[in-house]
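**Q** My questions all concern the structure below.
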Amino acid sequence: MNFRTLPTTGELPRALYTSEQVRGFDRLAIGEFSIPGLELMERAGRAAFDLLRRRWPQAKSVAVLAGTGNNAGDGFVVARLARQAGLQVTVLQLGERERLRGDAALNASRWQEAGGDWQPFTGMPRAVDLIVDALFGTGLDRPVTGRWAEAITAINAHRAPCLAIDVPSGLNADSGVSMGDAVQAAVTISFIGLKTGLFTADGPDCAGEVVFDGLGVPAAVYASSVLSARRIDWLKQASLLGSRRRNVHKGHFGHVLVIGGDHGMGGAPRLAAEAALRVGAGLVSLATRPGHLAPVLAARPEVMVHAVDDPSALQPLLRAATVIAIGPGLGRSAWGRALWDAACGAGRPLVVDADALHLLAEAPMRRNDWVLTPHPGEAAALLGLCSAEIQGQRLQSAQQLQQRFGGSAVLKGAGSVVASDGSPPPAICSDGNPGMASGGMGDALTGVIAGLMAQGMGVRDAAESGVCLHAAAGDVAAGLDGERGMLAGDLIDRLRGLVNPR
């Protein structure tokens, strides 16, 4: 997913808000700062039209799909401006025309007075270069059905790209969940405040490229509310690494101990160990089954591999470690459980993933010096829910994980969410791509976070920076050879370039 801004707005904002918060900003701008609602709608429509012309300068025909709310009013402004610019415009409406009220009704009248007309939606015209989605906006809180669902299906099936106004229709603006069906836009232009749902769950698939325009709303408006989440990416987080002094040695950059790799699962901890090395950990040890010793040494001799069949053999390794990464390939046999118990009692910071998370779910505990990295299934086990419930409330789930288990919780997936102890609102990573949906990616993330912690980053900074670094490396790898077929090793190969910006 690519994110950019209009030239006049600078960098895409970091602050994310709920739809209700943004509606509150809108009311404040109108009531306290005397910006007429009609003016805000005109600005929104003009911003969308200006983007349309820049993004698709060759488009000659536009179909605007309008509902009956304020989002429709924005669409009528786009239609009027497009017609004035000489484009062929078709406006199709869902819902009764009589339900248009206020500023939306006024802009419908302006469209009609300018010589435009509109008709009920009965299907998408085939000969159209661009579709403008002005059906729902931010207010949707129930499943899409009937003609509305038919319209969304028709938009997605059409050959023409779609520009979504504010939020793709059918997408819950807060959770990022598709409400049965949702528009898959090429570009979404969001107004006044960025909505959390654009950046997590189904949001990245539906929103496409995200563009922001604040519509000239005064900065003082935003002081009325605390943001609901923060958008983070590697561009911002990279500054936390800093430069290295010349007079240093490997001991200055910490010692990561990776624990895992039961019989037949030696690849997972090896990936974690290599990722920790690639982000700059000074030393990396791997405690695993004896059968994995030779293969790991042959592939990556820089990893200090230790055969551990008995937990007693782990004790000297635990004492030498700066941070412990446990879970990749650990299994849930007596061997894995014994190593888990030993790691928890070692008094070292932890990064906890995979099977170790299931062991934690069986015997919950809370501590402030660890990072938990569950995918939705593992989060469901930790919270006693199902995966669908986790995905339906990703921000709240990450916060519940953090509150129950302490430290930092990383809920992996599209738009990974990070919640931390005593931190600002949860963070959503806007880097990453679908190519990262392959085996071993989570193991690499475990190593990345552990490697950053070994170099002195605190739990929260390592969690947030690690998620963004991992995702950005995936983006670089996808940019080189495409998303499909990407391996965790491809991502790991790109880490070194990102932690050493040129």
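Values in this text are rule-based calculations from the coordinates and carry no lab data. Bear in mind that the values here come from a model prediction, so they are computed numbers and not experimental data. Methodologically, a virtual Cβ is constructed for each residue, glycine included, from the backbone with ideal geometry; neighbour enumeration extends over all protein chains shown.
**Q** Per DSSP H run of at least 4 residues, take -39500 (n - 2.57); add these up for the chain, divide by its residues and hand me the 222 nm value, nearest 500 deg cm²/dmol. Show your work: numbers first, answer last.
**A** Values: 18 runs with 199 residues, N = 502.
Helix-only estimate at 222 nm: -12000 deg cm²/dmol.
**Q** Also: As a footprinting exposure proxy, order C429, C162 by other Cβ within 10 Å, with the fewest listed first.
**A** Values: C429 27, C162 23.
Starting with the residue having the fewest Cβ neighbours, the order is C162, C429.
**Q** I'd like the orientation of helix 102-113 relative to the chain: the angle between its Cα long axis and the longest Cα principal axis, in ° from 0 to 90, rounded to 10.
**A** Roughly 50 degrees between the two axes.
**Q** If you put +1 on each Lys and Arg Cβ and -1 on each Asp and Glu Cβ, how big is the dipole of the range 45-160 around its Cα centre, in Debye rounded to 20? Walk me through the numbers before you get to the answer.
**A** Numbers: 15 positive and 11 negative charges, 66 e Å.
Dipole size: approximately 320 debye.
**Q** A further question on this structure: Mind running the shape call on the range 105-149? Use the C-alpha gyration tensor, a ≥ b ≥ c as the square roots of the eigenvalues: rounded below 1.5 for a/c, prolate if a/b tops b/c, oblate otherwise. Present the calculation step by step, with values, prior to reporting the outcome.
**A** Values: a/c = 2.17, a/b = 1.32, b/c = 1.64.
Taking the square roots of the gyration eigenvalues as a ≥ b ≥ c, the range 105-149 is oblate.
**Q** Report the gain in length on full extension from K60 to R142: 0.36 nm times residue separation, minus Cα-Cα distance, nm rounded to one decimal.
**A** Values: separation 82, 0.36 × 82 = 29.52 nm, distance 3.50 nm.
Here the answer is 26.0 nm.
**Q** What is the gain in length, in nm to one decimal, between L385 and A85 on full extension, counting 0.36 nm per residue of separation less the C-alpha to C-alpha distance?
**A** On the way: separation 300, 0.36 × 300 = 108.00 nm, distance 5.31 nm.
Once the chain is fully extended between L385 and A85, it gains 102.7 nm.
**Q** Rank the residues K195, K250 as a footprinting-exposure proxy: fewest other Cβ atoms within 10 Å of their Cβ go first. Spell out each step's value before the answer.
**A** Details: K195 29, K250 10.
Taking fewest neighbouring Cβ atoms as first place, the list is K250, K195.
**Q** Of all DSSP beta bridges in the chain, what percent run antiparallel (nearest 5)?
**A** Numbers: 9 of 61 bridges.
Once the DSSP bridges in the chain are tallied, antiparallel ones form about 15 percent.
**Q** Which percent of the Cα-Cα distances in the chain go past 44 Å? The partial results should precede the final answer.
**A** Numbers: 29605 of 125751 pairs.
Here the tail beyond 44 Å accounts for 24 percent of pairs.
**Q** Angle between the Cα long axis of helix 394-405 and the longest principal axis of the chain, 0 to 90 degrees, nearest 10?
**A** 30
**Q** Considering only DSSP beta bridges whose two residues both sit in the range 253-499, what percent are antiparallel, to the nearest 5? All intermediate terms of the calculation are to be shown ahead of the outcome.
**A** Details: 6 of 27 bridges.
About 20 percent, rounded to the nearest 5.
**Q** Can you find, among G67, L314, L339, the residue farthest towards the positive end of the dipole of the chain? Put +1 on the C-beta of Lys and Arg, -1 on that of Asp and Glu.
**A** Most positive-ward Cα: L314.
**Q** Can you compute the modelled spin-label distance between E98 and A363, with each label point 7 Å from Cα toward Cβ, in nm?
**A** About 6.9 nm separates the two model spin labels.
**Q** Also, I was wondering about something else. Which three extents, in angstrom, do the Cα atoms of the range 97-239 have along their principal axes, listed largest first?
**A** For the range 97-239, the Cα extents along the three principal axes come out at 52, 33, 29 Å.
**Q** Turning to a different aspect of this structure: Extending each Cα 7 Å along its Cβ direction at A127 and L235, get the distance between those two points in nm, one decimal.
**A** Going from the A127 label point to the L235 one covers 4.1 nm.
**Q** Using a Förster radius of 51 Å, what is the FRET efficiency between A220 and H249 based on their Cβ-Cβ separation? Nearest 0.05, please.
**A** Using R0 = 51 Å, I get an efficiency of 0.50.
**Q** Test of understanding: what is the full-extension gain from A313 to L487, defined as 0.36 nm times their sequence separation minus their Cα-Cα distance? Before the final figure, lay out the partial values.
**A** Working: separation 174, 0.36 × 174 = 62.64 nm, distance 3.26 nm.
Answer, rounded to one decimal: 59.4 nm.
**Q** While we're looking at this one, here's another question. For the range 255-313, taking Cα atoms only, what is the radius of gyration to one decimal and the Dmax to the nearest whole Å?
**A** 10.4, 30
**Q** What's the center-to-center distance, using Cα atoms, between the range 410-457 and the range 281-327 in Å?
**A** Answer, in whole Å: 23.
**Q** Run the quick spin-label model on A338 and E20: label points 7 Å from Cα toward the beta carbon, then report their separation in nm to one decimal.
**A** With each label point 7 Å from Cα toward Cβ, the separation is 5.3 nm.
**Q** Continuing with the same structure: Between 0 and 90 degrees, rounded to the nearest ten: what's the tilt of helix 459-481 against the longest Cα principal axis of the chain?
**A** Orientation of helix 459-481: about 70 degrees from the principal axis.
**Q** Right, another one. For the peptides 152-158, 209-215, what is the packing order when you average, over each peptide's residues, the other Cβ atoms within 10 Å and list the highest mean first?
**A** Working: 152-158: 18.1, 209-215: 21.6.
My ranking of the peptides, most packed first, is 209-215, 152-158.
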